[in-house]
Amino acid sequence: MSTSETTESDMSGDELPEKADREEQAEQADRPEEGEKAEKAAGGSDRRAVAAVVGALLLVTGGLVGYGLLDSGDDRPTGRAVPTSEVTYEVLGSGSADITFLGDGEAARAGKAEVARAASLPWSRTVRVARDKQPIVSITLGEKGGRATCKLSVGGKHVQLATASGAFGRATCSSAPAAPEGAGAPAAQ
């Protein structure tokens, strides 16, 4: 046994408790107190939570910025534009009438006619109608009757005229599908 090594049997009675105290102090120095452990653990988990939240926010913000830069905002189909012709509907007379016509709004895109209920006369509307669609305007007089005339022009050229009279009188003006602009008006019906 070397001189630096000492066994408990070589130590005096007073040296044993001192050695035990020193060993216990060394162990306590190596491991923090329970309260200190809790504080460090809480501080570490707080930092991790904050880092996770910041990271998530950065990802969301980056995604939104990327979407904004990549999205053109143009949701229309990229197909070819449908050729149209200018169509003017006129209803002459006095009083009011229900007017049904092929327009260029949402109803027309859905394949439906537009309706102007109890429209004050005279009334007119100019719209763009797809060349493969048949321009049409229909008038219906009310219970009081009267007299009203519908007129239809395609590309500035008069196409048709019709007159309704009496209670619930009806008249319709229509044309063959609209002709290309500058190609002349369709034949009157």
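The figures follow:
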quantity: Selection within the range 107-116 - crowded, with 16+ Cβ neighbours inside 10 Å and farther than 23 Å from Ser165 by Cβ; calculated: Ala108, Glu114
quantity: Scan of the range 118-168 for residues that are among the charged types (D, E, K, R) and assigned to a strand (DSSP E or B), ordered by number; calculated: Arg125, Arg128, Arg147, Lys151, Lys157
quantity: Of all residues in the range 81-106 being closer than 28 Å to Arg147 by Cβ and within 29 Å of the chain's Cα centre (by Cα), the one that is least open to solvent (accessible area, probe 1.4 Å); calculated: Gly103
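Quick grid of which residues meet (1) surrounded by 18 or more Cβ atoms within 10 Å (Cβ to Cβ); (2) out of contact with any Leu (no Cβ under 9 Å at 6 or more places or on another chain); (3) among the acidic types (Asp, Glu); (4) modelled with pLDDT of 90 or more:
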site	(1), (2), (3), (4)
Gln134	no, no, no, yes
Gly166	no, no, no, yes
Ala176	no, yes, no, no
Ala179	yes, yes, no, no
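The values are calculated or read from the model by the stated rules, or taken from the named source; none is laboratory data. Everything numeric here is computed off the predicted structure, so don't read it as measured data. Neighbour counts run over all protein chains shown; Cβ positions are idealised from the backbone, glycine included. SASA here: full protein model, heavy atoms, side chains in, ligands and nucleic acids out. Shrake-Rupley method; radii C 1.70, N 1.55, O 1.52, S 1.80 Å.
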